[in-house]
Structure formats: structure tokens, C-alpha cells
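Single-structure report; data block below.
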Amino acid sequence: MSKPISSSKNAVSSNPFEAQKLQNIVNDLLDEAKSQGASAAEAGLSVESGLSVTVRMGEVETIEHNRDKGLAVTVFFGKRKGSASTSDFSLKAVQETVKAACDIARYTEDDPYAGLPDKELQATDIPDLALYHPWDVTAEEAVALAKECEDAARAEDKRITNSEGGSVSSHSGIRVYGNSQGFLNSYNTSRHSMSATMIAEQDGAMQRDYWYDVNRDASKLASAIEIGRLSAQRTVSRLGARSMPTGQVPVIFKAEVAKGLLSHFLSAVRGGAQYRKASFLLDHLGKQIFPERIRLDERPHLKAALGSAPYDNEGVITAPHDLISDGVLQSYVLDSYAARRLGLKSTGNAGGIHNLYINHDNVSLEAMLKDMGKGLLVTEVMGQGVNTVTGDYSRGASGFWVENGEIQYPVEEFTIASRLQDMFMGLQTVGNDLDMRGSVVTGSWLIDSMTVAGS
């Protein structure tokens, strides 16, 4: 039996990344930009170290140690901007990187929307969000966990005939951001994961599936045995898959697949898509997009959550806010540049969203299946058939056919199609089976009707 997972008790206070030294590098860079004539500058620095191992069929396949670092600078000469980056933190490299950015800025055209974030929006009180939980796992211990995970999967069912491996990874790092308006800060982060991918065979047909868990704190990962067994159960459940007839049916998207639907929504309400007029939700602020009961809100300050951050990539304070309230679009997702293009203020989303939640209906997936009665449960989608300019949605899928509120058999090799606008307004139920593994959190979705193109 492998060693139990544990994390350092002094996770938040320990600092192997020499934060002050790294902040000094950023500060020196900003001074260098000023000395080379820049009217304003900003810089971001990151250092990350980690371990990843994979075991396949009981044998070690890969052991990777990594230590990556990078430094990026953007300088402004009035409204002209230039950027450059390096992985060398030496004084000479910093000077050369700043010079490269300045040379670019001197020959670019003015952009009236360019510049640092509004100073009044910058974070001043930095909350401790417990984002750093280092895991002192050795390569040997990680290999033992990966093997335990794979062994549990292979032992779960005799129809598991092959494996793509059990994997364990642990990564920790630090992010530093500073600008010439006086902002300079940093915070440490960690991210640990475990996964297994299995192959099952029956009557000459093979199926593949996987399961995983990820957390900032390794002690809160699901057990290796649980992850392995789930990966095997999911794989075996796909055996005997049939084709689907063409028609209109209600569709349930499992929580891990429903996340993708929210990602398409986010793509459409990002500032860049709005000012480029490349969104099916163009100019929809204040308009109804979802049923009235739906709320979508961002929660950036949840302790130890995967999407949490005290400030965004521009140093703008993050804060809870609604994107959707009563089904109505309340806010776009904006960094400083996009906000200026739209005549708005940054929403603190330079670099992405921070823990987006959709309210659920306190209904289990089993109850949703009974409510649907007859239809399709989608557990995987594939292909690139999503157009966020028009909202057209058409993707290959696999899952299970449902009748009398119960799963009847697995199905594959069919396409589901609709428009995202119709899918959002046709959202009947959001399940309470929340998938917490990421910055977008949702349960399963029941959508009233979609076109299924099968055999």
C-alpha cells in the first residue's frame, strides 16, 4: 500500500521561491524601462517546479521533474506599446529584454486604448486565499500511488484488457506582477492531480475512458483506488455501444460536459469578442439569455479553490460579481484594454474567469433522468463544431440512451446539434452533482430538445 497523501502544514507560510528576490527582479525591470525612456511599464514573472509520473501496465513509463521560469515585460511610450519576454533572470538579460520591448514600442502606431489598468482598480488589500499547499511527494511515492491507481482499475473488471496508464503530478509555483503605478505583489500556488485511463474489450470491440481528480491540496484528492475504480467503471459501461436514430430528443449533459457549454458562453461575453463584433451574444448586456431562475456568478476569493486569485494578471482587484442574474446578462468578462474599447471598466478578468458558479435546482442526476423519461445522456463530446459568432452548435458525441427514466444502453457515433442561444434558453434543470475540478463549476444540464443525427 502506498504512503497516504499529505500536504505541508506550513503550506502558506513556507516560501521556497524567494518571493522578495523575484519581486526585486521585477522592480529592477520597471526601473530599467523608465531609464530607457518608457512612460509606463508592467511585468509579470513566474517560477514553477513539479513532478509528473506515469505507470502503464504496472511498469514505470515516465518520470519528469521540471522547473520552468519566465519573465514578460510590456512598455508604453505614450499610447505605443511593445512587449518582450525571457527565461533568463540575469541583469544583462533583463536589460536586453526591456530594450527589445522599447524598440518595438518606438515603431508601433498609437493605440488610444493602450495603457496600464486604471490605478483606482488595482488591488491594495491582498487577501490570503490559501492557494499554496506543497506536497513533499518523492518520485518513488508518486510511482507507488500511480501504480495503486492503475492496479485498482485493472482489477475492477475482467473486461479491462489494457491501460493507457495511471498518472500522478504535483506542481507548485509563484506569480509576481508589478507595474510603474506602484503595484508590486506575488502569491504562491499549487496544483496536484491523479488520473487513470483504461481500455476495455468485449466481443472484439474496444472502448476507452478515464477519470481524474485535481486539487490545490493533495490531501483532498480522491484516493488512488477510487479514481482507478471509477475509470474502469466508466470504461466498461461504454461496452456494447449502439448507434442512434435521427430525431429531436431532450438531452442531459453530464456535469463535466456541461462545463464546456459554459465555456462557450464565456467566449461569447469576453470583451475581445464583443469589441471585435464576433459573438452570438453581441450587445446583449441587459438582455435575457437563460431562464429567469438562472444565476451565474464569479467567486474569486474562495479559499483554496482552483480558480481563486486575489487580483488578475494586471493587478486589478478581483471581486464577486454576477454575470447572469434572473437569466439576464449583467456583465461582460473584461480586462483593461477590452473595457476601454467598450467604454466600460475592467471586471478583474485579465487572464480568465475566477470560480464561475451556476445555481442548481437541488436535483440529483438520477432524478433528472426520471424527469426526462426518454432521451439522451451525453457523457462525451468531440470535434470543433461550435461557432461562437453565430451560436451554431454541432458536435460528435457518445453517451447513453434513456427510457422510462433509466439508462438502457450506451450509444456512440452520432451528432448533436442546435444553437447555443436555444440551448441556454432551453435549460430545464441544473443538477446538484457539481464538478468542482476547475474554474467553472456546474452540475449536469437537462436541455429540452436537440437534434440527434445518427444512423
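For Ser52, state whether it is under 29 Å from the mean Cα position of the chain (by Cα), closer than 30 Å to Ser167 by Cβ and modelled with pLDDT of 95 or more.
yes
The set of residues in the stretch 237-288 being under 30 Å from Tyr113 (Cα atoms) and polar (S, T, N, Q) consists of Ser263, Ser267, Gln274, Ser279, Gln288.
When restricted to residues that are in a strand (DSSP E or B) and either crowded, with 19+ Cβ neighbours inside 10 Å or in the same structural domain as Leu131 (by TED's automatic domain parsing) (or both), the stretch 293-303 contains 2.
Being surrounded by fewer than 17 Cβ atoms within 10 Å (Cβ to Cβ) and touching a residue at least 12 places away in the same chain (Cβ under 8 Å) holds for only one residue in Leu329, Leu344, Leu306, and it is Leu344. Would you say Val381 is of a type outside the set (Lys, Arg), surrounded by fewer than 17 Cβ atoms within 10 Å (Cβ to Cβ), under 22 Å from the mean Cα position of the chain (by Cα) and modelled with pLDDT of 95 or more? Spelling it out, it is not the case that Val381 is of a type outside the set (Lys, Arg), surrounded by fewer than 17 Cβ atoms within 10 Å (Cβ to Cβ), under 22 Å from the mean Cα position of the chain (by Cα) and modelled with pLDDT of 95 or more.
Checked against the criterion of being within 28 Å of Asn404 (Cα to Cα), in the same structural domain as Thr451 (by TED's automatic domain parsing) and within 21 Å of the chain's Cα centre (by Cα), the stretch 243-254 contains one or more residues that satisfy it. For beta carbons closer than 7 Å, sequence separation of 6+ or different chains, a first residue in the stretch 172-199 that is within 30 Å of Ser231 (Cβ to Cβ) and of a type in the set (Lys, Arg) and a second that is at pLDDT 95 or above and surrounded by 20 or more Cβ atoms within 10 Å (Cβ to Cβ), the qualifying pairs are Arg191/Arg216. Here Ala142 meets each of (1) touching a strand residue (DSSP E or B) at 6+ places or on another chain (Cβ under 9 Å); (2) farther than 17 Å from Ser49 by Cα; (3) of a type in the set (A, V, I, L, M, F, W, C) with one exception, condition (2).
Looking only at residues that are of a type in the set (Ser, Thr, Tyr) and under 30 Å from Val316 (Cα atoms) in the stretch 123-175, which one is farthest from the chain's Cα centre (by Cα)? Filtering the stretch 123-175 for residues that are of a type in the set (Ser, Thr, Tyr) and under 30 Å from Val316 (Cα atoms), the one farthest from the chain's Cα centre (by Cα) comes out as Thr124.
If you go through the stretch 430-455 and keep only what is surrounded by fewer than 21 Cβ atoms within 10 Å (Cβ to Cβ), under 17 Å from Ala255 (Cα atoms) and not acidic (Asp, Glu), you end up with Asn432, Leu434, Met436, Arg437, Gly438, Ser439.
Would you pick out the residues in the stretch 202-224 that are among the hydrophobic types (A, V, I, L, M, F, W, C), more than 20 Å from the chain's Cα centre (by Cα) and within 16 Å of His133 (Cβ to Cβ)?
Of everything in the stretch 202-224, nothing turns out to be among the hydrophobic types (A, V, I, L, M, F, W, C), more than 20 Å from the chain's Cα centre (by Cα) and within 16 Å of His133 (Cβ to Cβ).
For the stretch 176-201: of the residues being among the small types (Gly, Ala, Ser) and under 30 Å from Glu32 (Cβ atoms), which is nearest to the chain's Cα centre (by Cα)? By that ranking, first place goes to Ser186.
All of (1) part of a strand (DSSP E or B); (2) modelled with pLDDT under 95; (3) of a type in the set (Val, Ile, Thr) hold for Ile5 with one exception: (1).
Output yes when any residue across the stretch 348-357 is assigned to a loop (DSSP other than H, G, I, E, B) and farther than 19 Å from Lys259 by Cβ, and no when none is. Yes, some residue in the stretch 348-357 is assigned to a loop (DSSP other than H, G, I, E, B) and farther than 19 Å from Lys259 by Cβ. Looking across the stretch 228-258 at every residue that is touching a Leu at 6+ places or on another chain (Cβ under 8 Å) and outside any loop (DSSP other than H, G, I, E, B), the one that is farthest from Gly373 (Cα to Cα) is identified as Ala255.
Taken over the stretch 66-95, the criterion of being surrounded by fewer than 14 Cβ atoms within 10 Å (Cβ to Cβ) and either acidic (Asp, Glu) or not in a helix (DSSP H, G or I) (or both) is satisfied by Asn66, Arg67, Asp68, Gly78, Ser87, Asp88, Ser90. Being part of a strand (DSSP E or B) and within 18 Å of Ala304 (Cα to Cα) is a property that holds for Ser170. Please state which one of Gly286, Gly307 is in contact with a strand residue (DSSP E or B) (Cβ under 7 Å, 6 or more places away or on another chain), of a type in the set (Gly, Ala, Ser) and in a loop (DSSP other than H, G, I, E, B). Exactly one residue qualifies, and that residue is Gly286. Looking at the stretch 16-33, which of the residues that are surrounded by fewer than 18 Cβ atoms within 10 Å (Cβ to Cβ) and in contact with a strand residue (DSSP E or B) (Cβ under 7 Å, 6 or more places away or on another chain) is modelled with the highest pLDDT? If we take residues in the stretch 16-33 being surrounded by fewer than 18 Cβ atoms within 10 Å (Cβ to Cβ) and in contact with a strand residue (DSSP E or B) (Cβ under 7 Å, 6 or more places away or on another chain), then Asn27 is modelled with the highest pLDDT.
The values are calculated or read from the model by the stated rules, or taken from the named source; none is laboratory data. Keep in mind that what you see is a predicted model, and the values were worked out from it rather than measured. Cβ sites come from the backbone with ideal geometry, for glycine too, and all protein chains shown count toward neighbours.
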